[in-house]
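S.K.: Before anything else, here's the structure in question.
Just so you know, all these numbers are worked out from the coordinates, no wet-lab data involved. All values derive from a computational prediction rather than experimental measurement. Cβ atoms come from the backbone with ideal geometry, glycine included; neighbour counts cover every protein chain shown.
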Amino acid sequence: MTAQEALRIALLCAQAEIALVRRDPVAGPLLAQAARAAEDRPGGDALSLAARIARDVDLDERGPGPSACRKAVQALCRQALQEAQGALLSAP
């Protein structure tokens, strides 16, 4: 993976996580975009799972179930971000 690809994935992860914290409706599309960018790259599996959860669960709904799912998606986003940053730091 090139440094440019790793940086793009890291930025998309960060944007998606901020959208999740703000309960912004663009969080799902940002996750999908990040998952597509990270396909077969570091963080790709975590982002794919996060995007799938966001698609299947209404993360803005109040209640313990959706809230737990939103926290899980945020954690997966952070994991993918860390993997992308690791790839960025090791890229030539």
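S.K.: Ratio of alpha-carbon Rg to the 2.2 N^0.38 Å globular estimate for the chain, to two decimals, please.
M.R.: On the way: Rg = 12.6 Å, N = 92, 2.2 N^0.38 = 12.3 Å.
Normalised by 2.2 N^0.38 Å, the Cα Rg of the chain equals 1.03.
S.K.: Residue by residue, what Karplus-based ³J(HN,Hα) values in Hz, rounded to whole numbers, does the stretch 43-57 have, using 6.51, -1.76 and 1.60 with θ = phi - 60° and x for Gly and Pro?
M.R.: With coefficients 6.51, -1.76 and 1.60, one gets x, x, 5, 5, 5, 4, 5, 4, 5, 5, 5, 5, 6, 8, 10 Hz.
S.K.: Within the set of other residues whose C-beta is less than 14 Å from the C-beta of SER48, count the net charge using Lys and Arg as +1 and Asp and Glu as -1.
M.R.: On the way: positive: ARG36, ARG41, ARG52, ARG55; negative: GLU39, ASP40, ASP45, ASP56, GLU83.
Once positives and negatives cancel, what remains is -1.
S.K.: A further question follows. Roughly how tilted is helix 27-37, in degrees to the nearest 10 and between 0 and 90, from the longest Cα axis of the chain?
M.R.: The helix 27-37 is inclined about 30 degrees to the chain.
S.K.: Oh, and also: Treat every Asp and Glu Cβ in the chain as -1 and every Lys and Arg Cβ as +1, leave all other atoms uncharged, and give the resulting dipole magnitude about the Cα centre to the nearest 20 debye.
M.R.: For this selection, approximately 200 debye.
S.K.: Something else about it: Within 10 Å, at most 13 other Cβ atoms, and a DSSP state outside H, G, I, E, B define an exposed site. Report the longest part of the chain free of exposed trypsin sites (Lys or Arg not before Pro).
M.R.: 24-61
S.K.: Specify the angular offset, from 0 to 90 degrees and rounded to the nearest 10, of the alpha carbon long axis of helix 64-90 from the longest principal axis of the alpha carbons in the chain.
M.R.: Computed tilt is about 10 degrees.
S.K.: Net charge near MET1, counting Lys/Arg +1 and Asp/Glu -1 over other residues with Cβ under 11 Å of its Cβ?
M.R.: Here the charged neighbours net out to -1.
S.K.: Here's something else I'd like to know. Can you give the angle from 0 to 90° between the axis of helix 3-21 and the longest principal axis of the chain, with both taken from C-alpha atoms, to the nearest 10?
M.R.: Helix 3-21 sits at roughly 10 degrees to that axis.
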